[in-house]
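Asks: Starting off with a structure, shown below.
Taken together, the values in this text are just the output of simple stated rules run on the coordinates, not laboratory data. Just so we're clear, the structure is a prediction, and the values are computed from it rather than from any experiment. Glycine gets a Cβ as well: all are built from the backbone with ideal geometry, and neighbour counts include every protein chain shown.
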Amino acid sequence: MSDEQPESSSAPAESAPETIVHVMRHGEVHNPKGILYGRLPGFSLSVQGRSQAAAVARTLADHDVTLVVASPLQRAQETAEPIAKSHDLVVRIDDNLIEAGNTFEGLRVSVGDGALRKPRHWWKLRDPFTPSWGEPYLQIAHRMLAAVNKARVEAAGHEAVLVSHQLPVWTLRRFLEGKRLWHDPRQRQCSLASLTSLVYQGDTLIDIVYSEPAGGSDPRVTGA
């Protein structure tokens, strides 16, 4: 048998279509009690959050967006709505974009007050690498990547917007950049209504571009 490899029948990478998947964090949520709301129902965007969503919709108005997908949670769908409307699209739902599971859900967890001051909760913090208090980082990364790949295929040659949540978006980015998944939450570059745009040439990721069309926000503010 010859050692020569057959010529590839696939097109060269340069001729493959460019597809952009914008992975967006939802806008600010109405959360007067400052709890970690996680996957709890009934948390909608604040007035500021709606303004942030509208700002991103204006930014993307001239983009070639052919697909808008959101987490099943209300705040993500409300963030996605003005973007979809500006492109005459319907917001699709993908469960893989949902917020990370967290055992502190429904509690206040800000530094210096709430659940973290109570010894009965400290055992939940025993393993920051998995982490022990919630959904494993690797599981988050894998489900987010599944959502991205599905959107990339469907929107090939165009742009898609996927609206998710801070931790899933940041975990996905670290996974794609080959960084360790455990991290300091205070250092997340994932402001409210920000875009983490994944640029693909064919099925190859060639760039990750971060932007804040609605302005920056403090990653240390839990339940914003």
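Asks: Could you give the nm distance between label points at residue 211 and residue 40, where each point is 7 Å from its Cα heading toward the beta carbon?
Replies: Each label point is offset 7 Å from its Cα along the Cβ direction, giving 3.5 nm.
Asks: Given a Förster radius of 22 Å and the C-beta distance between residue 62 and residue 30 as r, what FRET efficiency does 1/(1 + (r/R0)^6) yield to the nearest 0.05?
Replies: Efficiency, from the Cβ-Cβ distance: 0.15.
Asks: What is the magnitude of the charge dipole of the range 25-77 about its Cα centre, with +1 placed on the Cβ of each Lys and Arg, -1 on the Cβ of each Asp and Glu, and no other charges, expressed in debye to the nearest 20?
Replies: That gives the range 25-77 a dipole magnitude of about 280 debye.
Asks: Same structure, new question: Could you list the GluC sites (Glu not before Pro) in the range 151-209 that lie in coil according to DSSP, counting only those with at most 13 other Cβ atoms within 10 Å of their Cβ?
Replies: Counting only loop positions with at most 13 other Cβ atoms within 10 Å, the GluC sites (Glu not before Pro) in the range 151-209 are 177.
Asks: Given a cut-off of under 8 Å on Cα pairs at least six residues apart, what relative contact order in percent is computed for the range 136-222?
Replies: This gives 24 percent for the range 136-222.
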